[in-house]
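Please read the structure below before turning to the comments.
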Amino acid sequence: ESLSKPPSFLHIDDNDEAKIDALLERASEIKHIISSNDLAYQPFKGRTLCMIFTKPSLRTRVSFETGFHLLGGHAIYLGPEDIGLGGREDTKDIARVLSRYNDIIMARTFAHQDVLDLAEYGSVPVVNGLTDFNHPCQIMADALTIKEALGSVKGKKIVYVGDGNNIVHSWLELATVYPIHFVCCCPEGYEPDPKLLERAQAGGISTVEVRCDPADAVRGADVIYGDVWASMNAGQKEEGQSRYKAFDGFQINGKLMAAAGPQCKFMHCLPAERGLECTDEVMEAPYSLVFQEAENRMHAQNAIMLDLLGC
Ligand code: CP
Ligand code: NVA
């Protein structure tokens with residue numbers, strides 16, 4: 001069975017630098033085609049994408065569904081109440097059933113093992129649409145956005161300020177195979193996965209640092225990047241105030257942007273809790289790339305799916 005296993009998109013570091021460059025290039029081409037309303041380009045015609053969500057979503061759901069449709073395909077949404085992944089039915093059974101109806105599967109889950117199991121037991125490509133562990137499609141869209149705004153991603157200093165979460169893990173995956181300067185600035189106790197961090201640092205391809213003083217860490221940054229202080233991972237939102245206390249001093253505001261310098265852009269994967277991890281001021285500023293970044297989810301993912309389906 002393993003001989004016929006199709007490629008999946010589960011971690012950025014399953015890809016090399018040349019592959020990431022090719023995907024970003026393809027994403028720009030698709031963006032151009034879609035932006036020019038060229039409806040003749042229908043590479044997904046006759047194909048179906050099945051999307052499994054066990055967590056809420058705005059961007060991931062709409063960008064995958066719309067993106068697949070715009071290139072001629074049909075997308076199916078299965079929400080948290082629909083299939084009971086791992087509860088009503090084993091993931092390995094779901095994988096084999098869905099593979100017989102669909103050409104490609106996208107999944108957003110709690111346990112990372114669930115997307116690994118879908119890929120292992122299914123016989124069609126699986127795209128990771130976020131797990132508790134990582135969010136590779138987001139960081140591909142972010143790389144596309146940085147390339148558009150700053151000409152290139154290579155060598156750029158990207159300073160993430162906040163919780164060392166799934167978003168940070170995918171930045172570390174990128175840093176493992178693609179040359180960037182990545183800094184995770186987080187409170188003590190909220191550091192990213194030590195094994196992944198070590199791998200990104202040992203790879204020697206990128207400069208990777210973990211810091212705890214935002215004003216110092218952001219100096220000279222090309223990008224300051226934010227995310228929520230409580231993720232959708234089970235229990236985090238419920239920790240509320242006790243969790244947020246740890247992030248005192250980690251808000252991304254005008255003062256922190258100024259500490260970075262006038263060259264610095266603001267990015268955030270969204271959804272944002274305005275007034276908590278970032279302010280209205282930075283969300284709305286001319287240096288904010290957040291909505292371009294959200295749009296680019298669709299183009300980056302279309303490039304990934306075209307590649308996986310060999311289109
Ligand atoms: N950035 C992102 O994945 O957004 P959603 O959770 O709304 O899909
Ligand atoms: N870290 C956030 C990202 C949301 C897109 C979460 O997992 O909830």
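The values are calculated or read from the model by the stated rules, or taken from the named source; none is laboratory data. All figures in this text were calculated on a predicted structure; none of them were measured in a lab. Reconstructed Cβ throughout: ideal geometry from the backbone, glycine too, with neighbour counts over all protein chains shown.
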> When you go through (1) touching a strand residue (DSSP E or B) at 6+ places or on another chain (Cβ under 7 Å); (2) within 16 Å of ligand 1 (Cβ to nearest atom) one by one for Ile76, which number turns out not to apply?
Replying inline: (2)
> With the stretch 202-281 as the region, which helices (runs of 4 or more DSSP H) entirely inside it contain at least 1 residues that are within 16 Å of ligand 2 (Cβ to nearest atom)?
Replying inline: 236-245
> All but one of (1) closer than 28 Å to Arg100 by Cβ; (2) touching a residue at least 60 places away in the same chain (Cβ under 8 Å); (3) away from ligand 1 (no atom under 16 Å from the Cβ) hold for Phe53; which doesn't?
Replying inline: (3)
> So is Thr48 modelled with pLDDT of 95 or more and under 17 Å from the mean Cα position of the chain (by Cα) or not?
Replying inline: no
>> Being touching a helix residue (DSSP H, G or I) at 6+ places or on another chain (Cβ under 8 Å), modelled with pLDDT of 95 or more, more than 16 Å from ligand 1 (Cβ to nearest atom) and part of a helix (DSSP H, G or I): is that true of Leu144 here?
In response: no
>> Give me the residue from the stretch 52-73 that is more than 18 Å from Asp132 (Cβ to Cβ) and either among the β-branched types (Val, Ile, Thr) or modelled with pLDDT under 95 (or both) and, out of that set, nearest to ligand 2 (Cβ to nearest atom).
In response: Val62
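Would you confirm, using the coordinates I've provided, whether Thr145 is within 14 Å of ligand 2 (Cβ to nearest atom) and polar (S, T, N, Q)? Give the steps one after another, and end with the answer.
Details: within 14 Å of ligand 2 (Cβ to nearest atom): no; polar (S, T, N, Q): yes.
Spelling it out, it is not the case that Thr145 is within 14 Å of ligand 2 (Cβ to nearest atom) and polar (S, T, N, Q).
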> Can you name the residue in the stretch 199-216 that is closer than 14 Å to Val161 by Cβ and touching a helix residue (DSSP H, G or I) at 6+ places or on another chain (Cβ under 9 Å) and, of all such residues, is surrounded by the most Cβ atoms within 10 Å (Cβ to Cβ)?
Replying inline: Pro214
